[in-house]
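Below is one structure, written out as structure tokens; the observations come after it.
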Amino acid sequence: MPALEMAQDTGKVLAWLRSPGDTVRRGEPIVEVETDKATVEIEAPASGILLEVSARPGDVVPVGRTIALIFEPGEVPARAGAAAAGDGPASAPAPAAGGAVKASPLARRIAEQHGVDLSRVRTASGRIERADVLAHVEALKAAASAPRLVAASPKARRLAAERGIDLAALRGSGPGGAVVADDVATAAVPAPAAGARHGAAAAAGVGSVWRIMAERMTASWTSAPHFYLVREVDASRLVAWRERANRDPGASGARITYTDLLVRLVAAALGRHPNLNASWRDGAIARNAEINVGVAVAVDAGLVVPVIHRADALDLAGIAARREEATARARAGKLRPADIQGGGFTISNLGMYGVDAFDAIVNPPQAAILAVGRIAERVIAVGGQPAVRPTMVLTLSCDHRAVDGARGAEFLGTLADLVEEPLALLR
């Protein structure tokens, strides 16, 4: 189980994209894992045969624990794995490497009917027969019906006892699959009446991405003391910059958006104000070594934040190309670990939805997030006279533990200056 972010302790296996015995290539996605940021596809670290898959969909696994092994073609596994998996005696031989499981046609048909993975069936003869599969099925049924000690937090046990809920019937969302208080509270919510089911249908269909977003935003809102700074800026030169850039988009051919321009300007402002490129961690302010800017992207399943790494070192065409690529993967549900790692600051732009201004919630563990409203023609004072100019409202949300008002205002002032005179950045 890889560590996809600094504060990650566990990862939840959602689905295996390849089966035990399959030949995989290095860099090929083989498993979907859920972290507290997003759902990502984990790529094979090497080419070979995928075997000894020990983590099933739904398992919450500590970072660093082995969840599968990849063997060279023809290589014999170092251990049978039977005793560890609980499927039979340790002396039973493992299936042949390369996924060449020896089994009779009848055994294969019965295994398919019962959803049995033949690579986990152990037999003394080395060839799996009908009786071996049936014995394996009975062993699984016995193990499932046997009493077990449910891992649960003390609060979860107390709530379950008070509400008469069987902990064994719940799927835990805590470390190692432990049942936590939220799992009990969710199970205690009564089912909606027939007339209310239509309204509850959407809630029942909430997926993992939405749940992750909800949990992260709740944690941020309840733990980080937020404050907000608002600045309306003249966007005349920003509009002209985008028009000029799209006339010559460069080799990438990516369409330049206002978000791309803002990523470039925010990266420059962060370079001048490193206190905003930081987080509150273990009672101290920790500055980030790189300027990595996240861009909030709305997908069907919820909200994800792919990261544009080293944004300060990229030209506008490079930023646009990376943003387009990451956004496409996010909307296809194909984010990679590198796409969501290392973000130090986030931009959330709702201008394309006609929103004038809004307050965003800080994306933990970051210190700040920039909320961007639409560009609209408004009457402002120019040289003491009223004039119509395209303006936009920028709202900076800050975690007061890591940023104070003065430092936040200095950053926002620098950013406003760059928006109103972006060519100063290019000189």
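Tabulated data
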{"quantity": "Residue tally, condition among the hydrophobic types (A, V, I, L, M, F, W, C) and free of Cβ contacts under 8 Å to residues at least 12 places away in the same chain, over the range 396-423", "calculated": "1"}
{"quantity": "Residue match in the range 244-262 (condition: aliphatic (A, V, I, L, M), within 30 Å of residue 404 (Cβ to Cβ) and either in the same structural domain as residue 346 (by TED's automatic domain parsing) or touching a residue at least 60 places away in the same chain (Cβ under 8 Å) (or both))", "calculated": "yes"}
{"quantity": "Sole exception among (1) over 24 Å from the mean Cα position of the chain (by Cα); (2) under 23 Å from residue 312 (Cβ atoms) for residue 363, by number", "calculated": "(1)"}
{"quantity": "Residue tally, condition buried (at least 19 other Cβ atoms within 10 Å of the Cβ) and closer than 16 Å to residue 225 by Cα, over the range 268-285", "calculated": "4"}
{"quantity": "Tally, over the range 299-338, of residues that are out of contact with any Leu (no Cβ under 7 Å at 6 or more places or on another chain) and more than 19 Å from residue 262 (Cβ to Cβ)", "calculated": "12"}
{"quantity": "Any pair with Cβ under 6 angstrom, 6 or more apart, that starts in the range 342-371 at a residue that is among the charged types (D, E, K, R) and ends at one that is assigned to a loop (DSSP other than H, G, I, E, B)", "calculated": "356/373"}
{"quantity": "Elements of type helices (runs of 4 or more DSSP H) in the range 179-294, at least 3 residues being modelled with pLDDT of 70 or more", "calculated": "208-223, 236-247, 258-272"}
{"quantity": "Whichever residue in the range 28-51 is outside any strand (DSSP E or B) and modelled with pLDDT under 85 and, among such residues, is surrounded by the fewest Cβ atoms within 10 Å (Cβ to Cβ)", "calculated": "36"}
{"quantity": "Test: residue in the range 380-390 that is modelled with pLDDT of 95 or more and within 29 Å of the chain's Cα centre (by Cα)", "calculated": "no"}
{"quantity": "Residue in the range 317-333 that is over 17 Å from the mean Cα position of the chain (by Cα), farther than 27 Å from residue 213 by Cβ and in the same structural domain as residue 365 (by TED's automatic domain parsing) present", "calculated": "yes"}
{"quantity": "Options 356, 404; residue that is surrounded by fewer than 16 Cβ atoms within 10 Å (Cβ to Cβ), assigned by TED's automatic domain parsing to the domain that holds residue 300, at pLDDT 95 or above and touching a Lys or Arg at 6+ places or on another chain (Cβ under 7 Å)", "calculated": "356"}
{"quantity": "Single residue of 373, 384 found to be surrounded by fewer than 19 Cβ atoms within 10 Å (Cβ to Cβ) and of a type outside the set (A, V, I, L, M, F, W, C)", "calculated": "384"}
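The values are calculated or read from the model by the stated rules, or taken from the named source; none is laboratory data. Quantities reported herein were computed from a predicted structural model and do not represent experimental measurements. In this analysis, Cβ positions are derived from the backbone assuming ideal geometry, glycine residues included, and neighbour counts consider all displayed protein chains.
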